[in-house]
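Take a look at the structure below.
The values are calculated or read from the model by the stated rules, or taken from the named source; none is laboratory data. It should be emphasised that the depicted structure is a prediction, and the values quoted were computed from it without experimental measurement. Cβ sites come from the backbone with ideal geometry, for glycine too, and all protein chains shown count toward neighbours. Accessible surface is based on the protein model in full, side chains and every heavy atom, while ligands, DNA and RNA are left aside. Shrake-Rupley method; radii C 1.70, N 1.55, O 1.52, S 1.80 Å.
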Amino acid sequence: MDRRRFFKHSAAMAATASLGTIIAQPVRASRGKRPNLPMPELLDVTGSGRLTLNARSGQTAFAGGPSSSTLGYNQDYLGPFVRARSGQEVAVRLQNDLDESLATHWHGLLVPGEVDGGPHQEIAPGKVWEPILPIDQPASTAWFHAHTFPHTARQVYRGLAGVFQIDDGHDPDRGLPQEHGVDDLTLVIQDRRLDEAGRLDYRLSMFDRMHGFQGDRLFVNGAEQPRGPVPNAVVRLRLLNGSNARIFHLRFEDGRPMHVIASDAGFWPKPVPTEELRLSPGERFEVLVDFRDGREVALMTGPDQNRGGPGMMGVVSNIRSFASGLVEGDQRVLSFHPDGRKGRVDRIPEATGEASWSQPTNFDKRRHFRLDMMLGGMPMMRGMMGGGASEDMPGGGGPSMGINGRPFDMQHINEAVALGSVEHWTIESDMLMHPFHIHGVHFQVLADETGQTPRLENRGPKDTVLVDGRAEIAVRFTQPASKDSPFMYHCHILEHEDAGMMGHFTVS
Ligand code: C2O
Ligand code: CU
Ligand code: CU
């Protein structure tokens, strides 16, 4: 089924099955002053080599509303921004103070399977996990988040996600801003839904299960559409899409360029300017932006194409927009106001000094992965009969998704890869775009929907690629993973992952 037909079907499904849920969404309250951009202190573990994390529940008020139940690492909602040094070991002590099991994965870290934190490494309530992470990879912005099968989507949505920056000490030589909170800003961008009372809402309708859960309100580091001060200088933004499902199309309202310096897994040889940047769930980019003109400017996002374009899907969007007060179209993510401070960096560097990745020509093996949204047919009837929205995937009458015809099975390892090999993987999707992520590796995109020369977002070292029809990647396997602690590959639309669009593999 192609995307067009899928949208037709799901539009009908939404119109019948989930209209109640959609209509129940509140009309957006008018806004007063914008909140300040929160910029959590950096938890720099470079000196100590120790990282202590407590997963716990808390209470958080969103957009000035009443408290919502949330989850966080060391805090009520979300987690710290950690900075570690390439070449060091980080001894983690993660205590699970939740009343449910939790696995926590280091997304983007090249570490062995036994400390990777996939679903095989669940921590029972009250228990402690103490992995030692050998940080041995290029500088980059990684992150960490809950990875408990099949509860990842809810746990991450409630707040179990933090940032893990890897620094190599050479940013000053590269001419890059690096002062956290001053000219180096980490932005965790997430969409959320608030219910009638203004509380965090995660009731999954059948439409949400199919498309992934999307919210009509945008938060950066936990604050809705905030406003942040910047020096009148060149500023570095570390962008992370921490949404469950929403794909952002970022653009400054005045069209000023973002100079891309890094993708998921490391720096590019030289900055590449772009006016628009697509950022799918799990992906990171680092960009430089010139604020020397002193003008206040907003970073905007366009509509998510996974929610449907013009055509039939527009009908659903319109119903939804009407009900929620959401104007489908561009939305403000946050705004920056230069406050007159002088900055340390006042030009875009010509090069970062990084070597570009050479393209492998020989592959040890080729593999194919087909991302399947509907094993066993459309769940439409079940969804309509079941009706009720619930917080978790299992038992909710949701779709069964998979890869190559199989839903994820903890007991069945899908692939065995040779340590040290380089493989050619082809990933195919239909109906929707799916962000495909692989644990324990960095890869290079060889071809994507645009043909043999990948689009801007697919250049450079990566660990997550948005598959729009088809992508071909070259993957290097440098980390071991046994059958007791295999690596995962999965769709990073978290509702799809929980519905079974995931597999696992050993490396030995
Ligand atoms: Cu960010 Cu397996 O996930
Ligand atoms: Cu990962
Ligand atoms: Cu998916």
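Once the 1.4 Å probe is applied to the protein heavy atoms, the chain comes out at 36 Å² accessible per residue. Charge dipole of segment 144-196 (Cα centre as origin; +1 on each Lys and Arg Cβ, -1 on each Asp and Glu Cβ, all else neutral): 500 debye, rounded to the nearest 20.
With all pairs of separate Cα atoms included, segment 176-342 yields a Kirkwood hydrodynamic radius of 16.8 Å. Per residue of the chain, the DSSP helices (runs of n ≥ 4 H) give a summed -39500 (n - 2.57) that works out to -3000 deg cm²/dmol at 222 nm. Under a cut-off of 27 Å between alpha-carbon atoms, report the lysines in cross-link reach of residue 483, not counting same-chain residues fewer than 8 places apart. Those lysines meeting the cut-off are 127, 365, 462.
The residue among 151, 334, 452 whose Cα reaches farthest toward the positive pole of the charge dipole of the chain, with charges on the beta-carbon of Lys, Arg, Asp and Glu, is 334.
Of the beta bridges in the chain, as assigned by DSSP with both residues counted there, near 70 percent are antiparallel.
Note on segment 424-494: with neighbouring protein chains present and a 1.4 Å probe, carbon and sulfur make up 47 percent of its accessible heavy-atom surface. The charge dipole of the chain, taken about its Cα centre with unit charges on the Cβ atoms of Lys, Arg (+1), Asp and Glu (-1) only, comes to about 960 debye.
Given a 1.4 angstrom probe, I'd like the percentage of the accessible area of segment 42-169 that is carbon and sulfur, rounded to a whole number.
44
FRET efficiency for the pair residue 362 and residue 296, taken as 1/(1 + (r/R0)^6) with r the Cβ-Cβ distance and R0 = 35 Å, rounds to 0.10. Which one, 263, 288, 223, projects farthest toward the positive side of the charge dipole computed for the chain from Cβ point charges (K/R +1, D/E -1)? Highest projection toward the positive end goes to 223. Note on residue 305 and residue 404: the extension gain reaches 33.2 nm, defined as 0.36 nm multiplied by sequence separation minus the Cα-Cα distance.
Dipole orientation for the chain: of the candidates 503, 343, 86, 343 has the Cα lying most toward the positive pole (charges on Cβ; Lys, Arg +1; Asp, Glu -1).
If R0 equals 41 Å, the separation of the Cβ atoms of residue 421 and residue 195 corresponds to a calculated FRET efficiency of about 0.25. Between residue 346 and residue 52, the simple spin-label model (points 7 angstrom out along Cα→Cβ) gives 4.4 nm.
Alpha-carbon geometry of the chain: the Rg and the Dmax are 21.4, 62 Å, given in that order. You can think of it this way: the chain between residue 89 and residue 455 has 128.2 nm of extra reach, that is 0.36 nm per residue less the Cα-Cα gap.
Express the relative contact order of the chain as a whole percentage, based on alpha carbon pairs under 8 Å and six or more residues apart in sequence.
17
The aspartates and glutamates whose alpha-carbon is closer than 14 Å to the alpha-carbon of residue 270, local same-chain residues fewer than 8 away aside, are 171, 173, 286, 350, 354. The alpha carbon centroids of segment 76-133 and segment 158-232 are separated by 20 Å.
Its Cα centre serving as origin, segment 365-507 has a Cβ charge dipole (Lys and Arg +1, Asp and Glu -1) of approximately 480 debye.
Legend: residues 33, 483, 127, sorted from most to least accessible area (1.4 Å probe; ligands, DNA and RNA excluded), read 33, 483, 127.
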